[in-house]
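What follows is a short report on a single structure.
The values are calculated or read from the model by the stated rules, or taken from the named source; none is laboratory data. The shown structure was predicted, so the numbers you read here are calculated from the model rather than taken from an experiment. A quick note on method: Cβ atoms are made from the backbone with ideal geometry, for glycine too, and the neighbour counts reach across all protein chains shown. With ligands, DNA and RNA removed, areas are computed over all heavy atoms of the protein, side chains included. Shrake-Rupley method; radii C 1.70, N 1.55, O 1.52, S 1.80 Å.
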Amino acid sequence: MAVFFAKAISKDEASDAIVVSFGREWLKKIKEKEVSLVIRRRAPVKIEPRLMYMHFNYPYGAICARAKIESLEKISLNTALENAEQLSLTKEEISQYFGVLDDIYCYKVSGIVFSKKPITTSEFNSRLKYHPPQSFIVLSIKATIVLNEMWADVAAKAELYRD
């Protein structure tokens, strides 16, 4: 039996979806739509990502949300500081995150949707090989299909239980 990996191994198998890891302090901020910009020191450069799945390390250890990526660009410290509110960070937190870097990557996200039930690492691993990223991973085409099926299945089950 072939083993399929969630992470794209080559450009040919890369989708336009990524998984980005978040710490637990981000769960409430993202749920309450306080975040429209996400900064990261690293980002994909060989693809133009259009969909971000959000993996929350704790308390779930699961992919809990997804968002449309409107844009991805490098921004300066000054630009980040001007956008502190959309980043849901204090100016001090932004300065600390930048450290000595001149610029970092900034995702503009919209349409954040939380799954009715988190897709845990073990559930995702039952379909293909998935290791939660420290920063981000580019999903393979197959992984994106599987993840969308799992997401739809969760949504469909949630609809059944509404009666």
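Hey, among the residues in the stretch 87-121 that are acidic (Asp, Glu) and not in a strand (DSSP E or B), which one's surrounded by the fewest Cβ atoms within 10 Å (Cβ to Cβ)?
Result: Asp102.
Could you tell me how many of the residues in the stretch 47-68 are open to solvent by 10 Å² or more (accessible area, probe 1.4 Å), of a type in the set (A, V, I, L, M, F, W, C) and in a strand (DSSP E or B)?
1
In the stretch 1-35, what residues are open to solvent by 40 Å² or more (accessible area, probe 1.4 Å), outside any strand (DSSP E or B) and touching a strand residue (DSSP E or B) at 6+ places or on another chain (Cβ under 8 Å)?
Val3, Phe4, Ile9, Glu13, Arg24, Trp26, Lys31, Lys33
Being exposed (fewer than 13 other Cβ atoms within 10 Å of the Cβ) and over 19 Å from Gln134 (Cα atoms) is the filter here, so list the residues in the stretch 36-46 that pass it.
Residues satisfying the conditions do not exist here.
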